[in-house]
Structures are given as structure tokens and as C-alpha cells.
Amino acid sequence: MGNDSLNRWTLTAALRHSRSIPVLSQAEFDGIAERIATAAAHRLARRNRTRDLMEGLARWTPWAFRVAIAAGIVGAVLLTRPESDGAPEDTGADSTATAAFFDAVAGSAARDQVVAAVVGPLDGSWALDEETSP
Amino acid sequence: MLLASSEERQGSDSALGEGAAEEEALIRRVQAGELDAFDGLVRRHLNRVYSVAFRVLWDRADAEDAVQESFLSALDHIGSFEAGHPFGPWVYRIAMNRALSMRRSRGRRRTDTIPGQIASSEPSPLLAVVQADVFAQLRAALAELPERQRVSFELHELDGFSVDEVARMFGVNAGTVRWHIHQARHRLRQAMQSVRNDAGAGYG
């Protein structure tokens, strides 16, 4: 009897009988689907936050670059400016400008007189040399 | 609910074919970030993805985990998916890779310990005993098969996946899957024959 019954079976039928996948009940199906939906909602929320952050960065990056460049320029100016000790700076530019003024307005003799009047009391040898010069 | 027969599954496939436009619309909505649409995709493919995972893992909890991870992985990459293509084969392949990976990390085969579903409707106690023997032998023979042969055979013969679908899951061509199925069938027939001979001697 058993052998006859076995002969009726095809291999696939026997396997289908013994190896069928456990059937999911509707409740189990819904449970899995809801679990996936919950996890997907978390994932989407996280993705949206990341996207917002990236968009914000993209929006603000040009401004950030401009601010950084401006700050860099200001910083460079401040860092390269020489430290001041309170004394007036004796720059070549100032002397050249003064000489040019006298040359233009009063000539070199007038310049020498003005310079002698100002500097002379502080440096008598220079004034003496001027007076004794031929 | 998980469909019980390949005929029902194939009927479901044709229904899915008719709903291709609907599925495409769902995919586009998911790509736009609509969660409800994703739930629709999940419910549309959950049974078959579960089949794929279960065939590899043979553990309900593991299969459910693999299903969840597969759908979430699909969600992560939905932006690069072309909406005009069928979603099913894509997510089946993800599920197959996920399940195989879980199985490797698990490091052992559970098919040896799978309880058989011996729910005979036959009244005869003797027949029930014979069936139990047959099923046990078949499970043992299946457990001896290389994994790809076994999974290809079961997905095609028992779960109604086409050869092409199985081939896409494994990332091989259809001819390879046909060969796997042929080999599996051949070995199982041999096992079945020996059981018949034993049954003929023992019970006949």
C-alpha cells in the first residue's frame, strides 16, 4: 500500500509537501510590512535631515567663501603693517616730497636756509659749515 | 499572505504585469520621498522576497530580518533605479545577496535541522510513516546539494520563480540555472529511487 502511494508522487509533489515555506498569516504579513514601514520612515527622516544639511551648506558656502576671503585680506593687512613705537616715521617718501616742494617753490637756496633754520640749532657744525662756505 | 502554490504565484505575476504602470507610478512616488508608496511596493513584493530569503536561510526570524534589510537597501538605492523596469527582480536579487551573506556569516547550514512539514491527509498510519521516511530522505538529499543547486531548484520548482528570475537573483545566465536545476533533480530522483526501493523492501 505504501509503495503504491509513493509511486503516485512525483518528486516535485513530494518536495512541495515536505519543503513548502511556512505560510505567513495576515497578521504576520502586516507585522513585517509595518516593521519595514517604520524603519523606512526613520531612514527617510534621517536622509531628509542629511539632505537639508547639505543644501544648507551648499547655500551658505559661497557666502562663507566671501567672508573667509574678506577676513583673509583684512588679516593679511593687519599682520603686514609695521608695529608703531609712537615716533614719527622717517620715510624716504616724506624727504623726497619735501625736497620736491622746495625745489619747485623756492629753489635749493631757500631750502638750505629753511633746513638750516630748523636743524641748525640742533647741529651747529652744519650751520657753521654753511656760513663759512664760499 | 504567502501564496501556497506556484500556480497562484504565477497568477499573481500576471496581475503584477498588468499593474506595471501602477508599479512604475509607485516607484516614482517613492523616489519623490513618499513613504506610503514605499509601503505599497513592500506589500506587493513581500511574499516573494520572503520566499527567496527563506529558501536560503530556512529560519523564519532570519528570513524576516533579511526581508526588512532587503527592502530598506532597495529604498536606499531607489534613486538610481529606473522606474520603467520591474521592481521585483531587482529586490529579489538584493534579497538573495542579503540572505546568502547572512547565511555565510551564520557559518553553518540549517537545512539539516529543518523540521519537515509532514501533514499528511492520508488516514493510514502506515502511509504516514512511509511519507515521513520519504520526506526525511528528501530533506537529507536536499541538504547534500550545493547551495545554488538547492536554492535554484526550490525557487523554480516549488515557489514558481522563472529560470530567468532565478538567474537574475544569482547574477548568472539562464543556462547555468537550468543546469543547476537539472543536477538537483537528477540527484533527488536518485535519492527518491533508493527510498522507494527501501520502502518496497520494508513496507511493501
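Below, the figures for the structure above:
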item: Shielding by other protein chains, A:23-35, mean Cβ within 10 Å; result: 5
item: Heavy-atom accessible area ranking, 1.4 Å probe, most first, across A:60, B:179; result: A:60, B:179
item: Scaled radius of gyration (Cα, divided by 2.2 N^0.38 Å) that segment B:53-92 gives; result: 1.30
item: Shielded by partner chains, segment B:51-74 residues - at least 50 Å² of accessible area, 1.4 Å probe, vs chain alone; result: B:60, B:64, B:68, B:72
item: Cut-off 15 Å, label 7 Å out along Cα→Cβ of residue A:39, residues of segment B:32-58 by amide N; result: B:39, B:42-43, B:46-47, B:49-51, B:53-54
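The values are calculated or read from the model by the stated rules, or taken from the named source; none is laboratory data. Just so you know, these numbers come straight off a predicted model, no measurement behind them. Methodologically, a virtual Cβ is constructed for each residue, glycine included, from the backbone with ideal geometry; neighbour enumeration extends over all protein chains shown. For the accessible areas, the whole protein counts, side chains as well, though only heavy atoms, and no ligand, DNA or RNA atoms are used. Shrake-Rupley method; radii C 1.70, N 1.55, O 1.52, S 1.80 Å.
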